[in-house]
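**Student:** Attaching a single structure in structure tokens format; questions to follow.
The values are calculated or read from the model by the stated rules, or taken from the named source; none is laboratory data. Given the structure is predicted, the values throughout are model-derived calculations rather than measurements. Using ideal geometry, Cβ is built from the backbone for each residue, glycine included, and neighbour counts are taken over all protein chains shown. The protein model used for the area step is the full one, side chains on, heavy atoms only, and it has no ligands, DNA or RNA in it. Shrake-Rupley method; radii C 1.70, N 1.55, O 1.52, S 1.80 Å.
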Amino acid sequence: MVTNFDFLKRNDKNLYEIINDAEKLYRGEFFEQCMTQTRRFGEVVCKNVLGSRRTTEVTFDAMLATLKDCTLGSSTEAKEFVDDLYFLKKHGNNATHSITVKQDGMEALECLQRAFEVALNYCVYSCNEDRRILKLRYDTELLVTGKKSRKSLSEKYEEEKDKCINKTKKSVSKTSKSTKPKPQFCSVKSQSKKSKTPYFWYFVGTSAIISTVMLIILAII
């Protein structure tokens, strides 16, 4: 099975086996045991790096103190290397001596990621490995599924960025559609005009009737 630490196998098989067991424990959801194993990994790395400079130091803490003194004034990478080892020691000790079981998967994952950085620096600066391995990134998908991700970290980033952009565009489009003014239709109903007889014609008709009646009366007389 491909692991995140395959590059370590060709430089230090013993260290590879230790950290490979830590990844197996993580996949089995034995998170506290995983952190304890990463602590063990860090201690062996520290011992290997010190080499002949280690004299009376027996404990991990004592070896780390000596290593810290040796790296004073060194590069940023060396300081980060020591900081990562301190992190593994602290969280490994907490997991080992804790009274209650926390089963913190995120904390265990960070321990594996720190161990990964330690392994990279150890291979480059102590085993003369090609510096190009420093560009490697810890693959969480590989850890969980045992299958290497086909997409690089940059490709995943671009994919997620495109998804966010498309989602924003759809949201804006939907909002603009919902606020678009609807066309107004004004229907005007024409009222039928009622035929009204002008008052003038009433007057004319009445006058004509009266005149006719008067003429008849005069004719009789």
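**Student:** Mind checking whether some residue in region 110-122 is farther than 18 Å from ASN20 by Cβ, open to solvent by less than 80 Å² (accessible area, probe 1.4 Å) and either β-branched (Val, Ile, Thr) or modelled with pLDDT under 60 (or both)?
**Tutor:** no
**Student:** Could you check region 67-101 and list, in sequence order, the residues that are within 10 Å of MET35 (Cα to Cα) and either free of Cβ contacts under 8 Å to residues at least 60 places away in the same chain or surrounded by 15 or more Cβ atoms within 10 Å (Cβ to Cβ) (or both)?
**Tutor:** Residues satisfying the conditions are LEU88, LYS89, LYS90, HIS91, GLY92, ASN93, ASN94, ALA95.
**Student:** A further question follows. From the list ASP84, ASP69, which residue is assigned to a helix (DSSP H, G or I), at pLDDT 95 or above and among the acidic types (Asp, Glu)?
**Tutor:** Result of the check over ASP84, ASP69: ASP84.
**Student:** Is it the case, given these coordinates, that MET1 is within 20 Å of LEU142 (Cβ to Cβ), touching a Gly at 6+ places or on another chain (Cβ under 7 Å) and open to solvent by 70 Å² or more (accessible area, probe 1.4 Å)? Reasoning before the result, please.
**Tutor:** Numbers: within 20 Å of LEU142 (Cβ to Cβ): yes; touching a Gly at 6+ places or on another chain (Cβ under 7 Å): yes; open to solvent by 70 Å² or more (accessible area, probe 1.4 Å): yes.
Criteria met by MET1.
**Student:** Restricting attention to region 123-143, which residues are buried (at least 17 other Cβ atoms within 10 Å of the Cβ) and of a type in the set (Asp, Glu)?
**Tutor:** Within region 123-143, GLU129, ASP139 meet the criteria.
**Student:** In the list ASN4, ASN14, ASN20, which residue meets the criterion of being assigned to a loop (DSSP other than H, G, I, E, B) and at pLDDT 95 or above?
**Tutor:** Among ASN4, ASN14, ASN20, only ASN4 is assigned to a loop (DSSP other than H, G, I, E, B) and at pLDDT 95 or above.
**Student:** Out of region 38-66, which residues are assigned to a helix (DSSP H, G or I), free of Cβ contacts under 8 Å to residues at least 12 places away in the same chain and open to solvent by less than 80 Å² (accessible area, probe 1.4 Å)?
**Tutor:** Narrowing region 38-66 to residues assigned to a helix (DSSP H, G or I): 38-53, 60-66.
Then drop every residue that is not free of Cβ contacts under 8 Å to residues at least 12 places away in the same chain, which leaves 51-52, 62, 65.
GLY51, ALA62, ALA65, listed by residue number.
**Student:** I would also like to ask the following. Assess whether ASN20 counts as being under 23 Å from VAL144 (Cα atoms), of a type in the set (S, T, N, Q), surrounded by 13 or more Cβ atoms within 10 Å (Cβ to Cβ) and touching a Phe, Trp or Tyr at 6+ places or on another chain (Cβ under 9 Å).
**Tutor:** Yes.
**Student:** Only one of these is part of a loop (DSSP other than H, G, I, E, B) and within 28 Å of the chain's Cα centre (by Cα): ARG114, ARG137. Name it.
**Tutor:** The conditions single out ARG137.
**Student:** Identify all residues within region 102-141 that are without any contact (Cβ under 8 Å) to a residue 40 or more places away in the chain and not aliphatic (A, V, I, L, M); write none if there are none.
**Tutor:** Answer for region 102-141, where residues must be without any contact (Cβ under 8 Å) to a residue 40 or more places away in the chain and not aliphatic (A, V, I, L, M): GLU110, GLN113, GLU117, ASN128, ASP130, ARG131, ARG132, LYS135, ARG137, THR140, GLU141.
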